[in-house]
Amino acid sequence: MDLSLTQIAELTGGRLAGDGDRIISRVRPVHEAGPGELAFVANEKARAAALTCKAEALIVADGLTVEGHQVVFHENPFAAISAVIAVLYPEPKAEPGVHAMAVVDPTATLGEGVSVAPFATIGAGAIIGDGSRIGTGAVIGDGVILGARARIHPRAVIYTRVTMGDDCEIHSGAVLGADGFGFTSVDGQHVKVPQVGGVELGNDVEVGANSCIDAGTLAPTRIGDNTKIDDLVMIGHNNQIGQRVMLCGQVGLAGSNIIEDDVILTGQTGVSGHLVVGKGAISAAKTGILRDVKPGHRVAGTPPMPLELWRRVWKASQHLPDMRREMKAMLRRIDDLERLVDTEAP
Amino acid sequence: MDLSLTQIAELTGGRLAGDGDRIISRVRPVHEAGPGELAFVANEKARAAALTCKAEALIVADGLTVEGHQVVFHENPFAAISAVIAVLYPEPKAEPGVHAMAVVDPTATLGEGVSVAPFATIGAGAIIGDGSRIGTGAVIGDGVILGARARIHPRAVIYTRVTMGDDCEIHSGAVLGADGFGFTSVDGQHVKVPQVGGVELGNDVEVGANSCIDAGTLAPTRIGDNTKIDDLVMIGHNNQIGQRVMLCGQVGLAGSNIIEDDVILTGQTGVSGHLVVGKGAISAAKTGILRDVKPGHRVAGTPPMPLELWRRVWKASQHLPDMRREMKAMLRRIDDLERLVDTEAP
Amino acid sequence: MDLSLTQIAELTGGRLAGDGDRIISRVRPVHEAGPGELAFVANEKARAAALTCKAEALIVADGLTVEGHQVVFHENPFAAISAVIAVLYPEPKAEPGVHAMAVVDPTATLGEGVSVAPFATIGAGAIIGDGSRIGTGAVIGDGVILGARARIHPRAVIYTRVTMGDDCEIHSGAVLGADGFGFTSVDGQHVKVPQVGGVELGNDVEVGANSCIDAGTLAPTRIGDNTKIDDLVMIGHNNQIGQRVMLCGQVGLAGSNIIEDDVILTGQTGVSGHLVVGKGAISAAKTGILRDVKPGHRVAGTPPMPLELWRRVWKASQHLPDMRREMKAMLRRIDDLERLVDTEAP
């Protein structure tokens, strides 16, 4: 299916500037796009690439100027290109119904239009919301509750005692509800403390490939609405994560933290246990959060410092070996001065 | 199934103080518990929350006092609550036998009471110990040996040449025995060195969700008895890990390390190759172990320092930018002093 | 199957020094090897262990001397032992054909000699090259193209829009082509930007267990020929990775980086987005690459410094608390000197 530039302006609510009859069949990055292809220019940096771009047309952020192109202007080029992609690259439809090689417990309840792919299993008493898609080989444990339009990708595993709101998407290999890492010592041996609290996801939560969200000990590990979790993220037991939080690749949370709304933890950030990361706080990549972070603060380092201080410390640290040498030289000069001044004294 | 408080005291070996007829049907965290629910208070911090707690009853650590509650005192509240959970939240029984949609090689040997769930596969010559449970879609390679009561969760993958003692639990998505990362250079290309040493687990080892333990090159990667491994942990080839070791979330070990008994590596710790981490050593979160660690030492940082030194260095480092400025000022003052003293000299 | 030492010399192209009739049936590490077993000695360090070694014979690097052993000398002992392992530990043959409990879409194209194990799925329009092996429960998405001799291990998941060259090996639990982590903000909510660029692997790429390579947004995330990726590695969307790159365990790349040929990123290195890591650069373990790295540079730290500087900074940093104390003492002495000199002044 193709779209004319006029159709694209209408579809996205953008403003056409140029030949509305141009036909678009694909989207491509601005430095690779050619005839029949649409690219987008969201900022000044991309504008440079647009000068030599051979795309059929461009979506351009309001306020930027791009000469010599057919353009649809839009306040949010990412949203506009998303709308175009949804039309040009439709997701394959999954036929509703249960594949002959899936195993669904007779006590499970499937909503309308649910599709269950081969080799998936759905446990006793599970409830699957309308329009949900259970991918190949996915495992839905006993008693799990999925809201409407859940998208469970192939080989995701949902242990028992997990509930989700509507519109959640769980990528392949993600594991929700495995035992939290809780042990007590009995006669010098580690003995497991059972973890029966489960996991509770709000609405519109996305969990990346091979990420793990462990079950709480007695009450659920909770993830709020519209929170987005990247790949290979580890969320330990009893964490309480707010709404619209972003957890980037390989972030790790030990147990029992409170991560408030709108927090952003960038790649490989770690949070040790029983901490509060305040609303809207942001960590730099690889930050080791070993103490509470105040709302709105930007932090970096292990333990974290304010981002600006951390940058200055890093810069100054490169002079440390010289500083040690200089200090020794100063000490010698002070010794000499003291000897001289002492000598001169009456 | 419910328990009276008298039954709970008997079951756990605790001391009842209060109304033994209270009926408990669930456990909950102390700040959330209400009627019919049991909570526990293990330390002073939790005791504060207990003051306003509405739980039906509490398990309380010996030596603490909690007013106005029905209590069972116990020396180890975690062990006590674990015993209660085992009764109130029984694990679903798995029917012994092989599901019609599992594939078990005819040369494999299954012990008594083994259950094999749908879509699991068991390879040629594998031996599965009595009472083991092979979860949905789990993969047991050719020749693998599992001890008694192995608990292989859905979609765990055990490559060939892996052996386990008794009572091992492998969580979903864990991969044991994949090729170690070993290459040699031939004509400028990376060429794989085959990794045929396999993996050897002792008794009572737990491996968390999506963790990886790679096969040794010529001899097994070994994990000792009662060692506990959290989620997303990476254990490279040829590591020799002792007993009762704790490897927390996202810990990574490069190849050929010796991790002695009772070591604790906390979250996101890394260990580069061919090192010895001595008995009982503990790393702080995010430590980068790039050299041997002595027995019993507590370390932090990359490369690691003694924990206390690392804390003082971090604290002092925040003054580094100021220190540079101050040093420049001192240098000027010393220059001035030298000029003055020189001038005054006869 | 066994090999005589003469056969081993011929097979590997090495030089026999000793009794060619010795029979070898296994390989073992030099400190564990005994009768009937072959070990190898690649460097001076291993030579010490060889002195007390009870192996039937040794493969020894050219230029080393090892007394009292039957030896095959070779310029690359790793390559030699690899050749021996290939004979002594042959990989089990997979019967060509599709298992009755696999699901292959009728529009998929399977090359000659392809084997598809139980519970694997192959999507519509997928093309599988000659001699490929699709493991138990592996998922090959719609339209995926695999070159010749692909080795897809059990439970690997290949989303749609992924292509591979020849001789690629994907370990268990790896996920290729899941959505890149791309969102835009609409009315204060995170809204997904569709990720339709897919993933493109060259020839002879290996991807470790549970690693994730995300789909590009509009164009593919690309991995060059002979690049090797360890376990639990995260490659975000739009990365362009060159040839012969080594990404060690738990490395993480945010989006849109260029990693040039022959780069080595060691364990737990992170790379934030939109950076260039130049040809042949090497990162130390746990490096946080937050800015471009020049070709051939060796870096460490977060943000990275030249490796040698980083080592000196770390060493000096241990004196920081003392330096602060010393500086305060020096300040006092300068104050005193200034008072004295001032007093003495006429």
Review point. Does C:Glu95 satisfy being on the phi < 0 side of the Ramachandran plot and more than 26 Å from the chain's Cα centre (by Cα)?
Key: yes
Exercise for review: State yes or no: is A:Ala46 of a type outside the set (Val, Ile, Thr) and over 28 Å from the mean Cα position of the chain (by Cα)?
Suggested key: no
Check your understanding: Based on what the data block shows, is A:Arg149 more than 8 Å from chain B (Cβ to nearest Cβ), farther than 22 Å from B:Tyr89 by Cα and among the basic types (Lys, Arg)?
Key -> yes
Check your understanding: If a residue has to be assigned to a loop (DSSP other than H, G, I, E, B), out of contact with any His (no Cβ under 9 Å at 6 or more places or on another chain) and within 26 Å of C:Gly123 (Cα to Cα) to count, how many in the range A:106-137 make the cut?
Key -> 10
Exercise for review: Return yes when C:Ala55 is assigned to a loop (DSSP other than H, G, I, E, B), closer than 23 Å to C:Asp2 by Cα, of a type in the set (Gly, Ala, Ser) and touching a His at 6+ places or on another chain (Cβ under 9 Å) and no when it is not.
Suggested key: yes
Review point. Could you list, in sequence order, the residues of the range A:138-161 that are part of a strand (DSSP E or B) and crowded, with 22+ Cβ neighbours inside 10 Å?
Key: A:Val139, A:Ile140, A:Leu146, A:Ile152, A:Val157, A:Ile158
**Study point:** Tally, over the range B:121-137, of residues that are crowded, with 24+ Cβ neighbours inside 10 Å, within 24 Å of A:Asp105 (Cα to Cα) and more than 9 Å from chain C (Cβ to nearest Cβ)
**Key:** 5
Exercise for review: Go through (1) in contact with a Gly (Cβ under 7 Å, 6 or more places away or on another chain); (2) over 15 Å from B:Val207 (Cα atoms) and name the single condition B:Val162 misses.
Suggested key: (2)
Point to revise | Any pair with Cβ under 6 angstrom, 6 or more apart, that starts in the range A:303-324 at a residue that is within 9 Å of another protein chain (Cβ to nearest Cβ) and ends at one that is surrounded by fewer than 18 Cβ atoms within 10 Å (Cβ to Cβ) and not in a helix (DSSP H, G or I) | key: A:Pro303/A:Arg291
Check your understanding: Just for the range B:7-27: of the residues that are without any contact (Cβ under 8 Å) to a residue 40 or more places away in the chain and exposed (fewer than 15 other Cβ atoms within 10 Å of the Cβ), which one is farthest from the other protein chains (Cβ to nearest Cβ)?
Key -> B:Asp21
Exercise for review: Within the range A:188-201, identify whether any single residue is among the polar types (S, T, N, Q) and within 30 Å of C:Ile158 (Cβ to Cβ), and answer yes or no.
Suggested key: no
Review point. In the range A:162-196, how many are under 27 Å from B:Val245 (Cβ atoms), polar (S, T, N, Q) and surrounded by 20 or more Cβ atoms within 10 Å (Cβ to Cβ)?
Key: 1
Check your understanding: Regarding A:Ala316, is this residue in contact with a Lys or Arg (Cβ under 9 Å, 6 or more places away or on another chain) and under 21 Å from B:Leu309 (Cβ atoms)?
Key -> yes
Point to revise | All positions within the range C:219-250 that are within 14 Å of the chain's Cα centre (by Cα) and closer than 22 Å to C:Gln195 by Cα | key: C:Ile223, C:Gly224, C:Leu232, C:Val233, C:Met234, C:Ile235, C:Ile241, C:Gly242
Study note, to complete from the structure: Residues in the range A:69-93 that are in a loop (DSSP other than H, G, I, E, B), of a type in the set (S, T, N, Q) and within 9 Å of chain C (Cβ to nearest Cβ) total 1
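Every residue, every condition in (1) over 30 Å from B:Glu10 (Cβ atoms); (2) of a type in the set (Gly, Ala, Ser), yes or no:
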position: B:Phe78; (1), (2): no, no
position: B:Pro90; (1), (2): no, no
position: B:His99; (1), (2): yes, no
position: B:Val116; (1), (2): yes, no
position: B:Phe119; (1), (2): yes, no
position: B:Ala126; (1), (2): yes, yes
Practice item. Scan the strands (runs of 3 or more DSSP E) fully inside the range C:171-276 and keep the ones with 3 or more residues being facing another protein chain (nearest Cβ under 8 Å) and on the phi < 0 side of the Ramachandran plot. Key: C:183-186, C:189-192
Study note, to complete from the structure: Of the listed residues (B:His237, B:His171, B:His190), the one being free of Cβ contacts under 8 Å to residues at least 60 places away in the same chain and within 16 Å of C:Ser172 (Cβ to Cβ) is B:His237
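Every residue, every condition in (1) buried (at least 19 other Cβ atoms within 10 Å of the Cβ); (2) acidic (Asp, Glu); (3) within 23 Å of the chain's Cα centre (by Cα); (4) under 27 Å from B:Phe183 (Cβ atoms), yes or no:
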{"residue": "C:Asp261", "(1), (2), (3), (4)": "no, yes, yes, yes"}
{"residue": "C:Ile282", "(1), (2), (3), (4)": "yes, no, yes, yes"}
{"residue": "C:Arg312", "(1), (2), (3), (4)": "no, no, no, no"}
{"residue": "C:Leu331", "(1), (2), (3), (4)": "no, no, no, no"}
Exercise for review: Run down A:Val30, A:Val66, A:Val72 and say which single residue is touching a Cys at 6+ places or on another chain (Cβ under 7 Å) and either in contact (Cβ under 8 Å) with a residue 24 or more places away in the chain or at positive phi (or both).
Suggested key: A:Val30
Review point. Is there any pair with a first residue in the range B:111-125 that is of a type in the set (A, V, I, L, M) and a second that is assigned to a loop (DSSP other than H, G, I, E, B) and surrounded by 24 or more Cβ atoms within 10 Å (Cβ to Cβ) whose Cβ atoms are under 7 Å apart and which are 6 or more apart or on different chains, and what are they?
Key: B:Val114/B:Ser132; B:Ala117/B:Gly135; B:Ala117/B:Thr136; B:Ala120/B:Gly135; B:Ala120/B:Thr136; B:Ala120/B:Gly137; B:Ala120/B:Ala138
Review point. For the range A:277-289, what are the residues that are within 14 Å of chain B (Cβ to nearest Cβ) and in a loop (DSSP other than H, G, I, E, B)?
Key: A:Ala284, A:Ala285, A:Lys286, A:Thr287
Review point. Looking at (1) at the interface with another protein chain (Cβ under 9 Å from one of its Cβ atoms); (2) under 30 Å from C:Gly249 (Cα atoms); (3) acidic (Asp, Glu), can you tell me which one A:Asp292 breaks?
Key: (1)
Exercise for review: Determine whether C:Asp142 is of a type outside the set (S, T, N, Q), within 9 Å of chain A (Cβ to nearest Cβ) and either under 20 Å from C:Thr107 (Cα atoms) or over 20 Å from the mean Cα position of the chain (by Cα) (or both).
Suggested key: yes
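Since every read-out is calculated from the coordinates, none of them should be taken as a lab result. Everything quoted here is computed from the prediction, not taken from an experiment. Cβ coordinates were reconstructed from backbone atoms using ideal geometry, including for glycine residues, and neighbour counts include every protein chain displayed.
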